[in-house]
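Here's the structure, in structure tokens; my notes come after.
The values are calculated or read from the model by the stated rules, or taken from the named source; none is laboratory data. Since the structure is predicted, the reported quantities are computational estimates derived from the model, not experimental observations. Quick reminder, even Gly has a Cβ in these numbers, built from the backbone with ideal geometry, and neighbours come from all protein chains shown.
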């Protein structure tokens, strides 16, 4: 059962990578990268049960936090970098 779950997660991660490279807009690509990160956390959790090691859950939690913070950082970067400069003539 866990092996089937692992294979399905790998297929979904491949679809997320395809969307990340082919996404029509920047936000579609960011969403695909976030989805890939979430599926990676799930994959690490499933590998925890397959390998029988409790350390993998700690790694999954840290990876989820890094994924969340990096997506917020990337969105903030593109939010402030795409704004038009203010007119100095006013």
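Residues are listed down the side, and each one gets a yes or a no for (1) touching a helix residue (DSSP H, G or I) at 6+ places or on another chain (Cβ under 8 Å); (2) closer than 23 Å to residue 26 by Cα; (3) surrounded by 10 or more Cβ atoms within 10 Å (Cβ to Cβ); (4) modelled with pLDDT under 90:
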site	(1), (2), (3), (4)
47	yes, no, yes, no
64	yes, yes, yes, no
67	yes, yes, yes, no
71	yes, yes, yes, no
81	no, yes, no, yes
89	no, no, no, yes
Candidate set: the range 15-29, residues that are touching a helix residue (DSSP H, G or I) at 6+ places or on another chain (Cβ under 6 Å) and under 20 Å from residue 79 (Cβ atoms); chosen: the one modelled with the lowest pLDDT: 23
